[in-house]
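What follows draws every value from the coordinates through simple rules; no lab data is involved. On a predicted model such as this, the values are computed, not experimentally measured, just so you know. Glycine gets a Cβ as well: all are built from the backbone with ideal geometry, and neighbour counts include every protein chain shown.
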Amino acid sequence: MFAINWEINFPNNNDYLTKTSYSGGKLDYRHFVKKNLTVGLALDWTTYEEFIPRQTFTKPDGNSAITTDFVAQAYQVPITATVHYYFSEGKRFKPFAGLALGGQYLDQTLYYNVYASDDDNWGFVVRPELGTIIKMTDTFGLLAGAHYSYSTNKTELINKNNFSNFGFDIGVVFYQ
């Protein structure tokens, strides 16, 4: 089974990014190892962007500060191995619960005037998921789901030890 999804994500536990991201997607491959169990791989991406009004920021070591407005941007790319369990299916609906584990690349940038501060790194990500597949034909369907994503990505830019978000998936599924 192969799925292409549009993702809508809501940043969580973040002081500087609070706006919903409509700029996300997911490629998802799932292989049935049993009638109600799949294992697979997923590649997600999301871009967050937000204008922050003028304020003063001090470096964590306290030796400098800047007063400015800026644009905060984060680019999130989780690459995960997945497992999904499918509950008793009806004629059209195939509800599931899943878990994705893997690595996440996170690039966080603060743009102020003609300058930028950038921090990019890799972290561990865990992502529980719930959803359903709506069968349209024997080879095509729709997917709707929700997820929570937690990663260990750290950044000194804003003194954070993790990055998390809630989100929704809407997409198409192709069966073999």
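Do you know the relative contact order of the chain, to the nearest whole percent, from alpha carbon pairs under 8 angstrom that are 6+ apart?
Worked out over the chain, it gives 21 percent.
May I ask for the equivalent-ellipsoid semi-axes of region 1-117, computed as the square root of five times each C-alpha gyration tensor eigenvalue and listed largest first in whole Å?
Semi-axes (√(5λ), whole Å): 40, 14, 11.
May I ask for the net charge around Arg92, where only other residues with Cβ less than 14 Å from the Cβ of Arg92 are counted and Lys, Arg are +1 while Asp, Glu are -1?
Result for the local shell: +1.
Which residues among region 54-76 fall inside the zone where the amide N is under 11 Å from a point 7 Å beyond the Cα of Asn113, along Cα→Cβ?
66-69
Would you compute, for the Cα atoms of region 54-109, the largest minus smallest coordinate along each principal axis and list the three values in descending order, in whole Å?
Reported extents, whole Å, longest axis first: 62, 22, 15.
Along the Cα→Cβ direction, 7 angstrom out, place labels at Phe93 and Trp122. What is the inter-label distance in nm?
For the pair Phe93/Trp122, the computed spacing is 4.0 nm.
Treat the count of other C-beta atoms within 10 Å as a stand-in for reagent exposure and order Arg127, Arg92 from fewest to most.
Arg92, Arg127
For the chain, what number of Lys pairs, 8 or more residues apart or on separate chains, have alpha-carbon atoms under 27 Å from each other?
Going through the chain pair by pair, I get 20.
Given a Förster distance of 41 angstrom, what is the FRET efficiency for Ala146 paired with Val71, based on the Cβ-Cβ distance and rounded to 0.05?
0.90
Between Ile158 and Gln176, what is the label-point separation in nm under the 7 Å Cα-to-beta-carbon projection?
In this crude spin-label approximation the distance works out to 4.2 nm.
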